[in-house]
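The structure under discussion appears below in the form of structure tokens.
The values are calculated or read from the model by the stated rules, or taken from the named source; none is laboratory data. Computed from a predicted model, the values in this text were never measured in an experiment. Neighbour counts run over all protein chains shown; Cβ positions are idealised from the backbone, glycine included. Side chains are part of the model used for accessible areas, which takes the heavy atoms of the whole protein and leaves out ligands, DNA and RNA. Shrake-Rupley method; radii C 1.70, N 1.55, O 1.52, S 1.80 Å.
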Amino acid sequence: MLVHSVNPASGEIIGEYTAMTAQQAAGLVERVHSQFESWRRTSFADRAGLMRRASALLRERAREYAKLMAREMGKPVAAGRGEAEKCAWVCDYYADNAEEMLADQEVETEARRSFVTFQPLGVVLAVMPWNFPFWQVFRFAAPGLMAGNGAVLKHASNVFGCALAIEDVFRQAGFPEDLFRTLLIGSDRVADVIAHPRVRAVTLTGSTPAGRAVAAAAGQNLKKTVLELGGSDPYVILADADLAASVETCVTSRLINSGQSCIAAKRFIVVEAVADEFERRFVELMGKKRMGDPMRAENDLGPQARTDLRDDLHRQVVQSVEKGARLLLGGEVPERPGAYYPPTVLTAVAPGMPAYDEELFGPVAAIIRVRDEAEALRVANDSPFGLGAAVFTADVQRGEEIAARHLEAGCCFVNTFVKSDPRLPFGGIKESGYGRELAAFGIREFVNVKTVWVD
């Protein structure tokens, strides 16, 4: 079966790939396992040297990879360069810190010696999405390989070019040929790979339905999983917030990756005292953002990744308006080639509307007015999701308290937008998934936390 890669800015077919058969995929998993058996015995110093070479290649080729991302999924080239450079950062971070993070931990008992050691599991399957086609992979691969595991990647079918480019990064850096490999398969084959006896664990970044499917297959086969799923991040704007700075940050976050980010701001919960001014400033700034060819540096957002995704986003907007939301900006499909959708602002958003209840995976902002702080926090947590959240207030101490104790999410920020950082754990709660990536927490997800007792 042939899989085509389509440029979402033009609709042009830019790549053609032959999907692997079930036998080819199974054979590739076996080869990765064989390579893992020797890789697990390498030193951290050897692994770190190769990981630093991968980092250097990412920086050297950042422009090349940015253009690839732009062609395959519409990411503006400036954002693509930043993504490649962030991947280099995570490679360096784990090259520098993995050995310390996985050092044996002595525990005082009545034994002659007792300690905890962290040993690699084996082959880990990564099921990854198209929206950050390099970053999502490297934030798993860098800690996974440094921990001594092997990896097979099932990437989204519209970014198979990115998947093979990532495989090439590791190969060119000097990693063993079959330690990190790409499976060119569709989603319908994922359950078969999970069931393969050589696959020891699964990590998925994607939608909540995809997470349920992978968790069910992994549970059936008793395989460890980490799931980073959808989000409908609430940004709470309190009465004492610096509105100029808050609006700038909120608009920036809403338009990250042309709005196609699990941790982009999506619901803006504004107390009544400042709601009118917030709306005015927000609409004005959103209206200034330029949409167009992702290859041109002056454009702030490109197309959506696929026309079907753009059309589903528009359906959510239309249905929300039909149920009583007011359209302040955008909300119309442009008459031009490509999967474009303009910056869009909805207000008077309420329960029962897609803009309130569902994730808006595109450049659509939902503004929700509330009476006071107490109602703002209730509405912020009135969601099945719990990935990221932010609060804006001049009272930083109060902001810290809200972020730490009151917002139901895995990543909570004060007076800035939610982002991932290799030095901090990343992940969600509720229907946004479980487990953590990045930092020491992430590298320990896919190891055997083994007790050793010596009498």
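A few points about this structure:
- The apolar share of the surface of the range 25-93, taken as the fraction of accessible area on carbon and sulfur atoms (1.4 Å probe, ligands and nucleic acids excluded), comes to 49 percent.
- Mean separation of Cα contacts under 8 Å (6+ apart) over length of the range 351-448, as relative contact order %: 21 percent
- If R0 equals 60 Å, the separation of the Cβ atoms of residue 297 and residue 40 corresponds to a calculated FRET efficiency of about 0.85.
- On the principal axes of its alpha carbon atoms, the chain extends 68, 59, 41 Å, with the longest extent given first.
- Stokes-Einstein diffusion coefficient of the range 250-315, Kirkwood radius over Cα pairs, 4 °C, 1.567 mPa s, in µm²/s: 97 µm²/s
- Contact order for the chain, expressed relative to its length and based on alpha carbon pairs under 8 Å spaced 6+ residues apart, stands at 19 percent.
- Simple rule: put +1 on each Lys or Arg Cβ and -1 on each Asp or Glu Cβ in the range 414-455, find the dipole, and look at 443, 418, 428; the Cα lying farthest toward the positive end is 418.
- Cross-link partners for residue 223 among the aspartates and glutamates, with Cα-Cα distance under 20 Å and sequence neighbours closer than 8 places in the same chain left out: 30, 37, 188, 192, 431, 437, 445.
- Amide H within-cut-off set for residue 365, under 5 Å, with H built and near neighbours excluded: 344, 345, 346
- Charged side chains reduced to their Cβ positions (Lys and Arg at +1, Asp and Glu at -1) give the chain a dipole of some 960 debye around its Cα centre.
- Counting only protein heavy atoms and a probe of 1.4 Å, the accessible surface of the range 115-202 is 48% carbon and sulfur.
- Crossing angle, helix 77-101 versus the chain [Cα axis fit, 0-90 degrees, rounded to tens]: 40 degrees
- Accessible surface for the chain, divided over its residues, is 40 Å² per residue with a 1.4 Å probe.
- Between residue 434 and residue 224, the distance separating the two model label sites (each 7 Å from Cα on the Cα→Cβ line) works out to 1.4 nm.
- Within the accessible area of the range 251-343 (1.4 Å probe), percent carbon and sulfur: 47 percent
- Counting only DSSP beta bridges with both residues in the chain, the antiparallel share comes to about 35 percent.
- Helix 62-73 vs. the chain, principal-axis angle (Cα, 0 to 90°, nearest 10): 60 degrees
- Helix axis angle, 22-39 relative to the chain longest principal axis, alpha carbon, degrees: 60 degrees
- In order through the range 261-273: 3J(HN,Hα) via Karplus (6.51 cos²θ - 1.76 cosθ + 1.60), integer Hz, x for Gly, Pro: 9, 5, 10, 5, 4, 10, 10, 9, 9, 10, 5, 4, 4
- The range 117-212 shape via C-alpha gyration tensor axes, a/c threshold 1.5: oblate
- 10 °C / 1.306 mPa s Stokes-Einstein diffusion coefficient of the range 1-136, Kirkwood radius on C-alpha pairs, µm²/s: 87 µm²/s
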